Every structure is written in structure tokens, then in C-alpha cells.
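Comments concern the structure below.
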Amino acid sequence: MTNNVRTGQEETERLLGEASGTTEFELLGLEWTLLPDVFAPFHSPSTANYSQWLPYPAGGTLLEMGCGAGVTAVYAALSGCAGVTAVDIVPAAVDNTRRNAERHGVADRVRVLESDMFGALGTGERFDLVFWNSNAIEAPADFVYTKDLEHSVLDRGYQSHRAYLREGPRHLTDDGRLFIGFNSRGDLDHLQRIADEEGLRLEKVDSTSHEFPDRVVEFRLFEIIRAGS
Ligand SMILES: C[S@@+](CC[C@H](N)C(=O)[O-])C[C@H]1O[C@@H](n2cnc3c(N)ncnc32)[C@H](O)[C@@H]1O
């Protein structure tokens with residue numbers, strides 16, 4: 001087992017432990033529902049901070065990749081986005097986001113789809129803002145997922161990161177902006193290489209550090225911009 005997979009699986013176990021039995025939590029001054037097998041957004045400052053740092057386009061549209069419990073998607077709708085599309089590869093996350101959108105009265109403007117990256121979207125769909133709080137730890141290309149929660153932490157061969165950087169720009173409106181929340185457990189050099197290959201660059205927008213029992217993790221929001229612009 002590689003160190004990355006060990007770190008990812010320890011993180012998964014920690015998430016399972018911290019979320020076990022939790023069905024309700026408070027974040028950003030609101031009450032939320034959490035379903036089993038869904039990333040618990042209260043164990044680190046990532047979800048709350050990214051949700052507050054993003055520049056929501058008033059009256060515009062957001063695509064949230066990997067929506068989990070749906071906090072960012074719902075917060076965006078409450079913050080003035082007219083249309084939010086939220087997708088996740090894990091079915092429980094899709095159900096969870098729908099429930100939280102209903103709970104906060106924004107189900108009419110939050111569309112939720114089960115999707116592996118952009119797969120369930122139409123090729124012509126464009127958004128003013130596209131964002132993913134990513135599963136930053138790279139797993140080997142032959143890694144086999146055995147728990148849904150592992151999708152929150154581990155990305156096999158960085159396939160999803162590559163897809164996000166390759167396909168994300170094609171789903172932006174003319175003035176659309178692409179962002180990724182990428183924590184320091186991830187391999188920033190590898191992400192940078194993918195960006196270079198796609199003719200993109202990463203610009204750090206904001207960051208915060210959090211001390212876990214075993215290490216300090218930095219949660220960083222990057223804007224992904226066409227190189228040269
Ligand atoms: C770190 S969690 C973030 C969850 C939520 N956005 C939040 O901030 O609380 C990453 C999310 O990405 C989802 N994910 C991972 N790979 C994906 C893929 N290929 N397509 C869609 N979603 C994916 C995971 O299931 C998980 O919900």
C-alpha cells in the first residue's frame with residue numbers, strides 16, 4: 001500500500017468516525033442534514049471557507065462539482081445565484097444535496113445530478129462559476145474504491161483532477177470562472193503539471209490552515225486561469 005493510500009484510508013476512517021451517527025450539523029449559521037457515506041463538512045474548515053470565499057455571480061449560474069451534502073450549492077443559491085447545478089459521483093451525496101436544498105427552500109433553483117465529473121451534463125452547458133472542493137490525495141491507477149467516502153479523499157491516478165482541468169474550461173460562459181479547493185494533502189506539483197499540459201495556470205485566491213491530530217493541513221482555493229491571460 002502506498003503512503004498516499006494509507007493517508008487517504010486513515011482520513012476516510014477518521015471521517016467515518018467523526019460523522020458516525022451524525023444526521024444534523026450546523027455550519028455557516030444554518031442547520032443541515034448529513035446522510036451516511038457523505039463527506040462531513042464540519043470536520044475541517046474547507047467547506048465553510050470555500051463557500052464564503054467564492055465570488056458568486058449575482059443572478060448567474062454555478063456548477064458545483066462533487067457537492068457532498070450540498071452546503072456550497074445551497075449557500076450559493078441563498079447568496080444570489082439564480083441557477084445552481086450540483087453533481088456528485090456518490091448517490092447518497094445527490095440525495096443529501098436534494099434534501100438540503102429542500103430544507104432551505106431553494107430546490108427550485110438547485111438541480112442535482114449523479115455524475116462522474118461532467119459526464120451527466122450536456123456538452124453545451126455553460127456556467128458563470130464552476131467549483132470543486134476536490135478529493136486531493138492521489139491514489140495509484142489500479143486503486144479499487146471499496147467505500148463511497150473514499151471518493152471524498154482519494155482520486156485514482158488523478159483522473160478526476162485531469163478531467164476537471166481539461167473539461168472545466170469548456171463549461172464556462174464567456175466571462176465564466178473556474179475554481180478548485182485543493183488541500184495540502186494533495187500533490188500540488190502534479191496538479192501544476194496537469195495545468196501546464198492544458199495551457200492553464202493556478203492562482204491562489206485564499207487559504208487557511210487547520211491542525212489535525214497528525215498534521216497541519218492547508219486548505220487553498222485556486223482560480224484556474226488560461227495561461228497568458
Ligand atoms: C472533499 S469532498 C467535498 C464535498 C462538498 N463539496 C463539501 O465541500 O463539503 C469531494 C467530493 O467530490 C466527490 N467526487 C469525487 N470524485 C468525483 C467525480 N469523479 N465526479 C463527481 N464527484 C466526485 C466526492 O464524492 C465528494 O463528495
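Out of all the residues in the stretch 137-157, is one or more touching a strand residue (DSSP E or B) at 6+ places or on another chain (Cβ under 9 Å), part of a helix (DSSP H, G or I), closer than 18 Å to Trp32 by Cα and within 15 Å of the ligand (Cβ to nearest atom)?
No: zero hits.
If a residue has to be free of Cβ contacts under 8 Å to residues at least 12 places away in the same chain and over 20 Å from Ala163 (Cα atoms) to count, how many in the stretch 64-121 make the cut?
Residues meeting the conditions: 4.
Here are some residues: Phe131, Phe118, Phe143. Which one is more than 23 Å from Pro45 (Cβ to Cβ), out of contact with any Lys or Arg (no Cβ under 7 Å at 6 or more places or on another chain) and of a type outside the set (S, T, N, Q)?
Phe118
What pairs come out if I take residues in the stretch 160-176 that are surrounded by 20 or more Cβ atoms within 10 Å (Cβ to Cβ) and pair them with residues that are among the β-branched types (Val, Ile, Thr) whose C-beta lies under 7 Å away, six or more apart or interchain?
Close Cβ pairs satisfying both conditions: His161/Ile194; Tyr164/Ile180; Leu165/Ile194; Leu165/Ile224; Gly168/Val130; Gly168/Ile224; His171/Val130.
Scan the stretch 53-84 for residues that are out of contact with any helix residue (DSSP H, G or I) (no Cβ under 8 Å at 6 or more places or on another chain) and among the polar types (S, T, N, Q) and jot them down.
Listed by number, the residues that qualify are Thr61, Ser79.
Laboratory data are not the source of any read-out in this text; all were calculated from the coordinates shown. Only a predicted model underlies this, so the values are computations on that prediction, with no experimental measurement involved. Cβ: placed from backbone, ideal geometry, glycine included. Neighbour counts: every protein chain shown.
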